[in-house]
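Here the structure comes first, spelled out in structure tokens, and everything after it is commentary.
The values are calculated or read from the model by the stated rules, or taken from the named source; none is laboratory data. All of these numbers come straight from a predicted model, not from anything done at the bench. Please note: Cβ atoms are built from the backbone with ideal geometry, for glycine as well, and neighbour counts cover all protein chains shown. Note: areas computed on protein heavy atoms with side chains; ligands, DNA, RNA excluded. Shrake-Rupley method; radii C 1.70, N 1.55, O 1.52, S 1.80 Å.
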Amino acid sequence: MRRGDLGDADCGIAQALGVLGDWWTFLIVRDIAGGTTRFDALQRELGVSRRALTERLAALVGHGVLRRRPYSQHPPRYDYLLTPKGEGLLPVLVALQDWGTRHLMGDGELTATADASSAEARRTHELLGWRLPDVLLPGSDGRAVPPADADGWSVLYFFPGAYAPDSGGYPPGWAEIPGARGCTLESTTYAGRHADFRAAGAEVRGISTQRPDQLADFVAYARLPFPLLSDQDGRLGAGLLLPTFRAGGVERFKRLTLLVGPGAVIRAVQFPVTDPAGSVDEMLDLVRRHAGAAPAVPARTD
């Protein structure tokens, strides 16, 4: 059967597989979402042949999933970037990552945390030295901003979900999911130490997959002195392949924290975070050791 014969005109799954039915194609989209946008870098990362990569990139451009942006005239060279149509695939990548981690690499348990020796933890700590994807996230005030200060230091704490009382936001069984509870405690602890982080040279931002209006309600309730950002479309989560779990029909971040330095380069990783309040003091110590010092880890370049 040819890929073109897969089509069932009334089935969105069949139509999508006509474009994405090759596993290399998913990995190409994954790496481009993470900031690897040039042909040679993609080939190096994936280990795919030049012919196979050329064919798949051309197909993705032809289907409107990617667009080409020239960066060299002689010889002609291009960055491959996701179109809005391509960005619509990011929640699919996040869901695949969650399913593979839970059911193929794990025991199938629903959890908002991980074992420190797990493959998921090792992969997350390999983010050290990566640059954040070039994305804008809507904040609780409605403005879209970069997740980190490109010229300074930022603490980004990712949390499963925090809601104002009586908002009805928490899904059934939330308290029984290991690692899910503690988001309010973590946020208010960061709020209480906010002046210390600023004095050490870092800004604090919280990030979840909640809607901006839900985050705005929580910011007002908890009186947070820093913004919360929404990655409800999965742009940052898919770009970094951050650990997630699914609850209440929503992909949610497992609790982790990144220290991001100048150039939007990740300089420290906290994962798993098993003590939401204690991790704040640990991160403050990391900020004091890193901020103002020469970078200890070279930035990943593609």
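Within region 215-233, the residues that satisfy the criterion of being of a type in the set (Gly, Ala, Ser) and open to solvent by 10 Å² or more (accessible area, probe 1.4 Å) are 216, 220, 222. Of the listed requirements (1) open to solvent by less than 30 Å² (accessible area, probe 1.4 Å); (2) modelled with pLDDT under 90; (3) part of a loop (DSSP other than H, G, I, E, B), residue 112 misses just one: (2). When residue 81 is tested against (1) surrounded by 17 or more Cβ atoms within 10 Å (Cβ to Cβ); (2) in a strand (DSSP E or B); (3) under 18 Å from the mean Cα position of the chain (by Cα), only condition (1) is not met.
Only one of the numbered conditions (1) assigned to a loop (DSSP other than H, G, I, E, B); (2) aromatic (Phe, Trp, Tyr); (3) out of contact with any Lys or Arg (no Cβ under 8 Å at 6 or more places or on another chain) is violated by residue 226, and that is (3). Working only within region 133-153, note down all residues that are of a type in the set (A, V, I, L, M, F, W, C), open to solvent by 20 Å² or more (accessible area, probe 1.4 Å) and touching a residue at least 60 places away in the same chain (Cβ under 8 Å). Correct list: 145, 150, 153. Looking only at residues that are in a loop (DSSP other than H, G, I, E, B) and in contact (Cβ under 8 Å) with a residue 24 or more places away in the chain in region 180-214, which one is surrounded by the most Cβ atoms within 10 Å (Cβ to Cβ)? Residue satisfying both the conditions and the ranking: 210. Of all the criteria given as (1) free of Cβ contacts under 8 Å to residues at least 40 places away in the same chain; (2) farther than 30 Å from residue 59 by Cα; (3) open to solvent by 80 Å² or more (accessible area, probe 1.4 Å), the one not satisfied by residue 118 is (3).
Listed here are the residues, each with its yes/no results for (1) of a type in the set (D, E, K, R); (2) on the phi > 0 side of the Ramachandran plot.
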{"position": "47", "(1), (2)": "no, yes"}
{"position": "68", "(1), (2)": "yes, no"}
{"position": "93", "(1), (2)": "no, no"}
{"position": "101", "(1), (2)": "no, no"}
{"position": "105", "(1), (2)": "no, no"}
{"position": "108", "(1), (2)": "no, yes"}
{"position": "122", "(1), (2)": "yes, no"}
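For region 154-168, filtered to residues that are open to solvent by 60 Å² or more (accessible area, probe 1.4 Å) and either touching a residue at least 12 places away in the same chain (Cβ under 8 Å) or among the polar types (S, T, N, Q) (or both), the residue that is nearest to residue 291 (Cα to Cα) is 165.
Scanning region 87-109 for residues that are surrounded by 15 or more Cβ atoms within 10 Å (Cβ to Cβ) and under 19 Å from the mean Cα position of the chain (by Cα) yields a total of 12. For residue 56, the test of being surrounded by fewer than 19 Cβ atoms within 10 Å (Cβ to Cβ), among the charged types (D, E, K, R) and modelled with pLDDT of 90 or more is failed.
A count restricted to region 251-285 and to residues that are among the hydrophobic types (A, V, I, L, M, F, W, C) and without any contact (Cβ under 8 Å) to a residue 60 or more places away in the chain stands at 0.
Collect the residues in region 150-179 that are of a type in the set (Phe, Trp, Tyr), assigned to a loop (DSSP other than H, G, I, E, B) and over 25 Å from residue 264 (Cα atoms), keeping them in residue-number order.
Of all residues in region 150-179, those of a type in the set (Phe, Trp, Tyr) come to 153, 157-159, 163, 170, 174.
When the remaining residues are screened for being assigned to a loop (DSSP other than H, G, I, E, B), the result is 159, 163, 170.
Once the filter is applied, which keeps residues that are of a type in the set (Phe, Trp, Tyr), assigned to a loop (DSSP other than H, G, I, E, B) and over 25 Å from residue 264 (Cα atoms), region 150-179 yields 163, 170.
Looking at region 4-16, is at least one residue open to solvent by less than 40 Å² (accessible area, probe 1.4 Å), in contact with a helix residue (DSSP H, G or I) (Cβ under 9 Å, 6 or more places away or on another chain) and at pLDDT below 80? Checked region 4-16: at least one residue is open to solvent by less than 40 Å² (accessible area, probe 1.4 Å), in contact with a helix residue (DSSP H, G or I) (Cβ under 9 Å, 6 or more places away or on another chain) and at pLDDT below 80. Does residue 164 satisfy the criteria of being among the small types (Gly, Ala, Ser) and modelled with pLDDT under 95? Taking the combined requirement at face value, the residue satisfies it.
Looking across 235, 223, 252, one residue alone is among the charged types (D, E, K, R), under 11 Å from the mean Cα position of the chain (by Cα) and at pLDDT 95 or above. It is 252. Of the listed requirements (1) surrounded by fewer than 17 Cβ atoms within 10 Å (Cβ to Cβ); (2) at pLDDT below 95; (3) among the hydrophobic types (A, V, I, L, M, F, W, C); (4) under 30 Å from residue 263 (Cα atoms), residue 128 misses just one: (2).
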